[in-house]
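Written out below as C-alpha cells is the structure these notes cover.
None of the figures in this text is laboratory data; all of them are computed from the coordinates on show. Computed from a predicted model, the values in this text were never measured in an experiment. All Cβ positions, glycine included, derive from the backbone under ideal geometry; neighbour counts span all protein chains shown.
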Amino acid sequence: MIETSQLTKRYGDHLAVDDLSFRVEPGRVTGFLGPNGAGKSTTMRLITGLDRPTSGTATVNGRRYADAAVPMHELGVLLDAKAADPARSARNHLRALAAAGGVPRRRVEEVLDLVGLTDVADRPLGGFSLGMGQRLGIATALLGDPQTVMLDEPVNGLDVDGIQWIRRLLTDLAAEGRTVLLSSHLMSELELVAEHLVVIGRGRILADTSMADFLSGADEHRTLVRSPEADRLARMLAADGVVVSSAHDGEFEVRGVEAVAVGRLAAAHGIELHQLATRDTSLEEAYLRLTQDAVSYAGHSTGHDSGADPTSGATSGPSADTTTTALTGSPA
C-alpha cells in the first residue's frame, strides 16, 4: 500500500505538491493523473525518497521507503526507462541491480523472458529502441518481487502486442493482491485497466474516487445524430441547457437532451434519421473537464474557432526521472 498524508514539497517559491493525502490500496490498479506540471513526478519521487518532503509523509507498506530492510522487495518502480549505462548489456544491467538488491541471479533470466528481451539481452543498451528500453525498465521494476508497484508511463514506445501484454500484467498483479499505481497520459489505456483514480492539479487533489464514479459523475446526455436534414434538426434542438455541435456532412452531436427526445422531435417534423446513438463520456473527456482550470502549460489554437453552432445562441460541442527499483509479477 502507498499512503501520503499532508504531503507538501516546495522548491524555493514554487509549491510543487500542496497538502496531498491519498491512499493506494492493494488488489486494484490505481490511475494517477494530472496535467503537465501538476506534481505527479514530484509526488512519485517523494514516495521513493528521491526527494525529501517539505512537510507531511509518504509511506510504502506502512513505512518510509528509505527505511525498508530490502527496498527492492517492497516497491517496484519505473520512473525513467533510460536510466541505464548505454554501454552495458541488458543482462548485465539487471545482474548488477540484482546483486545490489539481494535478488537471486536466476530472477534476471526470468524477467528477461517475461518482457521478451532474452534474444537481445547481450546487446549494449545504447542500441536499444525506445520500446526495447521501455521493456528493460519494466523488467527492472519486476526484478525484486515487491508487493507494491509504481510505474510512470510504462506504455511509451511499446507496440500493440506490448501494450496488450502490459495491460494483462497490471491486471494480474492487482489480482494477486498487489498494490499498483500507474501514471499515464494515455487515457484510453487507463480506462481499460484502472479501477480507481487519483487526479491532481497544481499540486492538489482534484479527485480520489473509483473509475465508475468518476465517469458517472461527469456523464451527461450526449447523442450522435445523422440525418439528411441535420442543419434543420440542430436549429430545432437549440435551447437553454442544450449544446449542439456544428452540423457537417449530415451529422452533429447534441448534449443536454436525451436521444428519445431527439427522435420524437424528428418524427413530429417528418425529419428522416439515419442514426441516433447515445454516447458515454470517456475518461479523457471527464478528465479534461475536471482539469481545465488546473493546467499550468496550455497551448492555443492558431486557427479560427470552427465549433460555432449553426443555431443562434447555442455553444460549440465538446473538445474533443527515473529511477528503477524492483517489482515482480507472474508472467502475463
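Summary of values
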item	result
Highest-first arrangement of 134-147, 17-30, where packing means the average Cβ count within 10 Å	134-147, 17-30
Global geometry of the chain, whether rounded, prolate or oblate, following the gyration tensor of its Cα atoms and the 1.5 cut on a/c	prolate
Relative contact order for the range 1-125, counting Cα pairs under 8 Å that sit 6 or more residues apart, in percent	21 percent
Value of relative contact order over the range 130-169, rounded to a whole percent, pairs C-alpha under 8 Å and six or more apart	52 percent
Sequence of His73, His93, His248, His185 once ranked by neighbouring C-beta atoms within 10 Å, starting from the fewest	His248, His185, His93, His73
Inter-label distance for Asp249 and Arg123, nm, one decimal - labels placed 7 Å from Cα along Cα-to-Cβ	4.0 nm
The range 17-90: relative contact order as a whole-number percent, Cα under 8 Å and 6+ apart	18 percent
Cα-based shape type of the range 13-107, given that a ≥ b ≥ c are square roots of the gyration tensor eigenvalues and the cut on a/c is 1.5	prolate
Computed [θ] at 222 nm, deg cm²/dmol, the chain (DSSP H ≥ 4; -39,500 (n - 2.57); rounded to nearest 500)	-9000 deg cm²/dmol
Cα-projected label distance for Thr59 with Arg279, points at 7 Å along beta-carbon direction, nm	4.6 nm
Segment His269-Ala66, length gained on full extension (0.36 nm per residue, minus Cα span)	66.1 nm
Exposure proxy order (Cβ contacts within 10 Å, fewest to most) of Val295, Val149	Val295, Val149
5 angstrom amide H check on Val180, placed H, neighbours 5+ away	Gly27, Arg28, Thr30, Val149
Anisotropy class of the range 220-279 from Cα gyration tensor, a/c 1.5 cut	rounded
Amide N of the range 22-45 lying under 11 Å from the label point, which is placed 7 angstrom from the Cα of Glu195 along Cα→Cβ	25-30
Net dipole in debye of the chain [+1 Lys, Arg Cβ; -1 Asp, Glu Cβ; about Cα centre; nearest 20]	1060 debye
